[in-house]
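Single-structure report; data block below.
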Amino acid sequence: MKLRWWKYFPLLALILAFSACGSHKTTKNIPADTDPVLTTNPNLKKITEQIQNSPNDAALYFRRGTVLERMQLDSLAFKDYRTATLLDTNNAEYLSAVGNLLFEDKDLTGSVGWLQKAIDKNPTDQKAHLKIAKLFLYIKDYPKAFAEINIALRKNVFNPEGYYLKGMLYKDMKDTAKAISNFLTARQYAPDYADALVQLGVLYIAKKDPIALKYLDDAYIADSSNVFPIYAKGMYYQETNDYEKAKEEFKKCILRNNHYVDAYFNMGYILMQQDSVKKAYHQYDIVTKIDPRNPTGYYDRGYCSEQMDSLKNAVSDYRMAASMDTAYKSPKLALQRLGVK
């Protein structure tokens, strides 16, 4: 799946704007609060008023940045975090927050510099070390990732994120037993750690162990904004060939998020296994409407058309899929099978 980098342009513009600013602790280099959300949103209005009364208080900008990040207003959060670092250049937590936000917004190069600044100010900064560990996990440099995690755990042996990241490392290394052990430790120290619960569910799905369902239920209770645990329960039932229960879970997933494309794909797959080609076609047709850049949706819809002897529609969809992803072999082979180019 290709990253849609255009959505990060507002954040990039702010980064470039701030890079030209000095580090003087004065208000003249601090952009004014002009976004209406800062003064109209009830979660932000009070703290914005406090900032207006105390414009040199770095802690206030950091606090508001944290709220903005939770609201997924990353451009505004970056602005506040960056202002906090200008007002208090020695606070590692503020530097780490900038690095963390850049990491989450896929600016890995920019993230490293800020995280390293945080570590220079505070060599035991747990958040910075764990975020750098994520970077090493991303590039599969496992020894360096473990080293960064261990630094954080020496500072706080009860840090659940450290064990979660170790679990992710072992999972990536295909050591399922150690991965499960570390995810369980993360849950021990943080019972509602949704990400750890999801990973436990996924790993037990691979084992076709019904305990996966309990972990996934707990994950959804911990974070009901994420429908993946419901989808994953459907996957468990699909993997154990309980298609009716699988369809129930995929329907629940779609009811809570009708743009969750994978649930439609899985519904289509099960319907194909049940010889309900027309119904499967409808699922893939929905995919092409809610995710029109997804070549697999067109290919699968084309395959259904082929099975229903609607060859003109099948060829059209196969050609669309092939044109959208030139490395996608299935539509090319389907066109060859039908004797068309």
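The values are calculated or read from the model by the stated rules, or taken from the named source; none is laboratory data. Source: prediction; values computed, not measured. Every residue, glycine among them, receives a Cβ derived from its backbone with ideal geometry; neighbour counts consider all protein chains shown.
Restricting attention to the range 289-337, and to residues there that are among the polar types (S, T, N, Q) and free of Cβ contacts under 8 Å to residues at least 24 places away in the same chain, which single residue is surrounded by the fewest Cβ atoms within 10 Å (Cβ to Cβ)?
The residue in question is Thr326.
Would you mention how many residues in the range 223-263 are of a type in the set (Gly, Ala, Ser) and at pLDDT 95 or above? Before you say what the answer is, go through the steps one by one.
Our first condition is that a residue be of a type in the set (Gly, Ala, Ser); within the range 223-263, this holds for 224-225, 232, 234, 246, 263.
Next, from what is left, pick out any that are at pLDDT 95 or above: 232, 234, 246, 263.
The total comes to 4.
Which residue, of Asn258, Asn241, is under 19 Å from the mean Cα position of the chain (by Cα) and surrounded by fewer than 20 Cβ atoms within 10 Å (Cβ to Cβ)?
Asn258
Testing Gly234 on (1) free of Cβ contacts under 8 Å to residues at least 12 places away in the same chain; (2) small (Gly, Ala, Ser); (3) surrounded by 23 or more Cβ atoms within 10 Å (Cβ to Cβ), one condition comes back false. Which one is that?
(1)
Kindly list, by first and then second residue, each pair from a residue in the range 85-111 that is crowded, with 18+ Cβ neighbours inside 10 Å and part of a loop (DSSP other than H, G, I, E, B) to a residue that is of a type outside the set (S, T, N, Q) and at pLDDT below 85, limited to pairs with Cβ atoms under 6 Å and residues at least 6 apart or on different chains.
Asp105/Tyr8; Asp105/Leu11
Could you say whether any residue in the range 122-143 is surrounded by fewer than 19 Cβ atoms within 10 Å (Cβ to Cβ), of a type in the set (Lys, Arg) and either assigned to a helix (DSSP H, G or I) or in contact with a His (Cβ under 8 Å, 6 or more places away or on another chain) (or both)?
Scanning the range 122-143, I find no residue that is surrounded by fewer than 19 Cβ atoms within 10 Å (Cβ to Cβ), of a type in the set (Lys, Arg) and either assigned to a helix (DSSP H, G or I) or in contact with a His (Cβ under 8 Å, 6 or more places away or on another chain) (or both), so the answer is no.
Please go through (1) surrounded by 19 or more Cβ atoms within 10 Å (Cβ to Cβ); (2) more than 22 Å from Val37 (Cα to Cα); (3) touching a residue at least 24 places away in the same chain (Cβ under 8 Å) for Leu115 and return the number of the only condition it doesn't satisfy.
Status for Leu115: all satisfied but (3).
Please give the number of the condition Met168 fails out of (1) over 20 Å from Glu104 (Cβ atoms); (2) out of contact with any Pro (no Cβ under 7 Å at 6 or more places or on another chain).
Just one mismatch for Met168, condition (1).
Against the definition (at pLDDT 95 or above and within 21 Å of the chain's Cα centre (by Cα)), how does Tyr189 come out, yes or no?
no
Does the range 280-289 contain at least one residue that is under 18 Å from Lys332 (Cβ atoms) and either touching an Asp or Glu at 6+ places or on another chain (Cβ under 7 Å) or among the β-branched types (Val, Ile, Thr) (or both)?
There is no residue in the range 280-289 that is under 18 Å from Lys332 (Cβ atoms) and either touching an Asp or Glu at 6+ places or on another chain (Cβ under 7 Å) or among the β-branched types (Val, Ile, Thr) (or both).
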